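Data block below; observations after.
The values are calculated or read from the model by the stated rules, or taken from the named source; none is laboratory data. None of these values were measured; they are calculated from a predicted model. No Cβ is skipped: glycine too gets one built from the backbone with ideal geometry, and neighbour counts run over all protein chains shown. Calculation scope for accessible area: heavy atoms of the full protein, side chains included, ligands and nucleic acids excluded. Shrake-Rupley method; radii C 1.70, N 1.55, O 1.52, S 1.80 Å.
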Amino acid sequence: QSWSFRTRDPHRLYVGRPSPQADQRQLFLAQLEGTPPRQLTNHPWGVWDSAVHPQGEAIVFSALRKDGGSDLWYIARDGTEQHRLQTCLEAACLNPAWSPDGRTLAYERRDIQGGSPNLDPKASRIWLIDLEDAKERPLFDYQVALHGPAWAPQGERLAYISPVLPGVEAYDLATDKLYPFPNEWGTTPTWSPDGRQFVVPDLVLEDEALHVRLFRVNLDSGEVWDISGDGDRDEATIRDMAPAWSPDGGWLAVARQYLDEERWTPGRQIWLLRPDGSEADPLLVEAMGDHFSFAWRPDATTLAFARTDLSQGPQPRPQVSIWMYDLVHRKSIPVAEDGVLPGWLP
């Protein structure tokens, strides 16, 4: 027997303003190159962030309310079936994360402070929603400050930031085992495709100066490796942030900024390096561009990212745009003049 099939082209998803004058951002879908992006939402107080179903069939996003809180909403891939998934009374529900099997949603629940979500790291708690029966529960029965949930691509492990440690922790929901790792930087780690390791930035004090370096952690063995350079004096003058592990496992995309006088740039530049830190290669260097929020296309051929234009100096409302970098043809492609939080709809 034989059969043929064709995979669909992944679309770019981002949060952006409908017009330069708009105050609120909405959810947009950019389909083919050269085609105007399609606006998916029109909530009066805007959209905070979103998460894509593992198979790309739907999107969950947090829609802001007038009182400063936010609810979780569901929308199908084609823009239909939009409805409120979770009402968060007197709270803001943010940063949703879909489990690999698509059955569970993890998210942050924060109180409201001064008409907006309380962004104090110690003000958040992680909750879970079973999407089959709509039941919800906190990740842990006891009160504990946690935020930034991220599911491992395989298995039942969920990583998050624990400001009380302070550090990064992974929790295996199947075995109830905790994997704590001290960390002062406070960002969600990026998982390896097999779910056994993650990479996370951390602060390092060297020569009476603070640097940010990347560390690769093996959860099963507890081993930790510094992968930002080979440890010589030149490579110590680095800030490596916002790592994103490629879906094929071969590369890490990193926002790198050198601190020495010869190589310093105002913005962070895009570098690729192997998971062990070797073969570091500058993918895109634009001195007056700050690059961050990386998202790999599922086939690892293209990297989406956000870029802030620093050429005009500090601005009350910085100009942030969405771009893609085609690794096959080695070129940058604009997606949207105004946007944040790029992602892919498989």
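Summary table below
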| read-out | value |
| --- | --- |
| Every residue from region 79-98 that is at positive phi and either open to solvent by 70 Å² or more (accessible area, probe 1.4 Å) or among the small types (Gly, Ala, Ser) (or both) | Gly79, Glu81, Glu90 |
| Where Ile112 falls short, out of the listed (1) surrounded by 14 or more Cβ atoms within 10 Å (Cβ to Cβ); (2) closer than 28 Å to Pro193 by Cβ | (2) |
| Pairs with Cβ under 9 Å, 6+ apart, first in region 83-106 and free of Cβ contacts under 8 Å to residues at least 12 places away in the same chain, second open to solvent by less than 30 Å² (accessible area, probe 1.4 Å) and in a strand (DSSP E or B) | His83/Ile75 |
| Neighbours by Cβ (under 7 Å, 6+ apart or cross-chain): first from region 307-324, under 15 Å from Glu337 (Cα atoms); second open to solvent by 60 Å² or more (accessible area, probe 1.4 Å) and of a type in the set (Phe, Trp, Tyr) | Arg307/Trp323 |
| Leu165 vs. criteria in contact with a Pro (Cβ under 8 Å, 6 or more places away or on another chain) and in a loop (DSSP other than H, G, I, E, B) | yes |
| Selection from region 328-346 of residues that are in a loop (DSSP other than H, G, I, E, B) and among the small types (Gly, Ala, Ser) | Gly339 |
| Some residue of region 173-185 being among the charged types (D, E, K, R), within 17 Å of Asp226 (Cβ to Cβ) and part of a loop (DSSP other than H, G, I, E, B) | yes |
| Test: residue in region 61-78 that is within 18 Å of Gly148 (Cα to Cα), in a loop (DSSP other than H, G, I, E, B) and open to solvent by less than 60 Å² (accessible area, probe 1.4 Å) | yes |
| Test: residue in region 128-142 that is buried (at least 21 other Cβ atoms within 10 Å of the Cβ), at pLDDT 95 or above, more than 18 Å from the chain's Cα centre (by Cα) and over 20 Å from Val200 (Cα atoms) | yes |
| Region 32-53, subset assigned to a loop (DSSP other than H, G, I, E, B) and touching a residue at least 60 places away in the same chain (Cβ under 8 Å), residue most open to solvent (accessible area, probe 1.4 Å) | Glu33 |
| Matching residues in region 295-327 - criterion: being part of a loop (DSSP other than H, G, I, E, B), under 15 Å from Pro247 (Cβ atoms) and not small (Gly, Ala, Ser) | Arg297, Pro298, Asp299, Thr301, Leu327 |
| Pair list, Cβ < 8 Å and 6+ apart or interchain, from region 213-227 residues that are charged (D, E, K, R) to residues that are open to solvent by 70 Å² or more (accessible area, probe 1.4 Å) | Arg216/Val224; Arg216/Trp225; Arg216/Asp276; Asp220/Arg196 |
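Yes or no, residue by residue, for (1) modelled with pLDDT of 95 or more; (2) open to solvent by 20 Å² or more (accessible area, probe 1.4 Å); (3) touching an Asp or Glu at 6+ places or on another chain (Cβ under 8 Å); (4) aliphatic (A, V, I, L, M):
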site	(1), (2), (3), (4)
Ala236	no, no, yes, yes
Trp251	yes, yes, no, no
Leu259	no, yes, no, yes
Ile270	yes, no, no, yes
Arg317	no, yes, no, no
Tyr325	yes, no, no, no
Val335	no, yes, no, yes
Pro346	no, yes, no, no
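Let's see how each residue does on (1) assigned to a loop (DSSP other than H, G, I, E, B); (2) over 17 Å from Ala295 (Cβ atoms):
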| site | (1), (2) |
| --- | --- |
| Phe215 | no, yes |
| Asp220 | yes, yes |
| Gly229 | yes, yes |
| Glu261 | yes, yes |
| Leu272 | no, no |
| Asp276 | yes, yes |
